[in-house]
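Quick notes on the structure that follows.
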Amino acid sequence: MLDRLLFLFAEGFRNLLRHKLTVFAAVFSVFMTMIIIGSLLIIGKNTNKLIFYLRSKYKIEVFFDNDLPKRDALNLVEDIGSIEGVRNTTFINKENATRIFEKQFGESILDYINSNPLPMSCVVNVNRTGDFELDIFPIVKEINLLQGVNNVEHQGKLIQRIESYHNRFTKLFFISSIIIIAITIGIIYNTIKLTIYAKKDLIQDLHIIGATNTFVKVPFLIEGVLQGLIGSSIAFVALSIALKIGNSLISQFASMTIRMDPAAASVMLVIGVLISFIGSFLSVSRFLP
């Protein structure tokens, strides 16, 4: 049993060495596919981090009626905090509003007038988790319906635009990956087909001496898997080197760092091997029934 397995693996490896040109084309196609998919994975992961960061900065400012009692304002803050999609709230009384005004403008408003005209307000932070598109307009609408709310300031249109671009990128990532994978499967399919044609006489001899269909097919499947393994491994190493060089250049101009998901290597290897296995399996099933 062990001898048969060693023979099958050895034969699959020999196929790589015997048909260097076609194998190079297959490995290169897997390499390019995984470079693109790996790059998209890195971009997607870092884009998600950016979206998560921006969501943490999404704030709604709620200004209450100037004559609203403080107790009623605090009750309003509790009502706002119970609205779906609101993460937390921060109440700002008149004294804090005066300090914020002085910090922003460098002078106190009380230097010009005797009474404090600044209204009590509330800063609302929205939920920042989830893959859904964040829409703050329903939250703003509910806040506006509350009695005692004078004005609501927000950046809803900007948020909506950022979320829309993020969703478009996610869809483009998915569609591009499917197309690239389909093309690579086609290349692997044709590579294995050429190998089968080149070994047609040997295959007939194996059948004559009693070899089973599975025994004949396995070396071609192993060849395909090896092509995917080699191509995806080289792609991961190339991406790691490129990322390291890119971060060293970026660090000279900004404090940001582009990171690769620790699981990216496993994902790339699995996708590369799976693509190659599917391509080789389809080819073997078609030309070695």
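A short reminder: the numbers here are calculations on the coordinates, not readings from a lab. It should be emphasised that the depicted structure is a prediction, and the values quoted were computed from it without experimental measurement. Here the Cβ positions follow ideal geometry from the backbone for every residue, glycine too, while neighbour counts run over all protein chains shown.
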*asked:* Please rank His166, His207, fewest neighbouring Cβ atoms within 10 Å first, as an exposure proxy.
replied: His207, His166
*asked:* For a quick check: sort Ser232, Ser283 by the number of other beta carbons within 10 angstrom, fewest at the front.
replied: Ser283, Ser232
*Note the full-extension length gain between Phe52 and Asn167 as 0.36 nm times their separation in residues minus their Cα-Cα distance, in nm to one decimal.*
40.1 nm
*Of Phe169, Phe31, Phe277, how do they rank once you tally other Cβ atoms within 10 Å and put the fewest first?*
Phe169, Phe277, Phe31
*asked:* I need the peptides 83-91, 184-192 ranked by packing, meaning the mean over residues of other C-beta atoms within 10 angstrom, with the highest value on top.
replied: 184-192, 83-91
*asked:* Taking 18 Å as the cut-off for C-alpha to C-alpha distance, list the pairs among Lys57/Lys244; Lys57/Lys171; Lys57/Lys157; Lys20/Lys199; Lys20/Lys193; Lys171/Lys244 that go past it.
replied: Lys57/Lys244; Lys57/Lys171; Lys171/Lys244
*In whole Å, what is the distance between the alpha-carbon centres of segment 176-217 and segment 267-289?*
9 Å
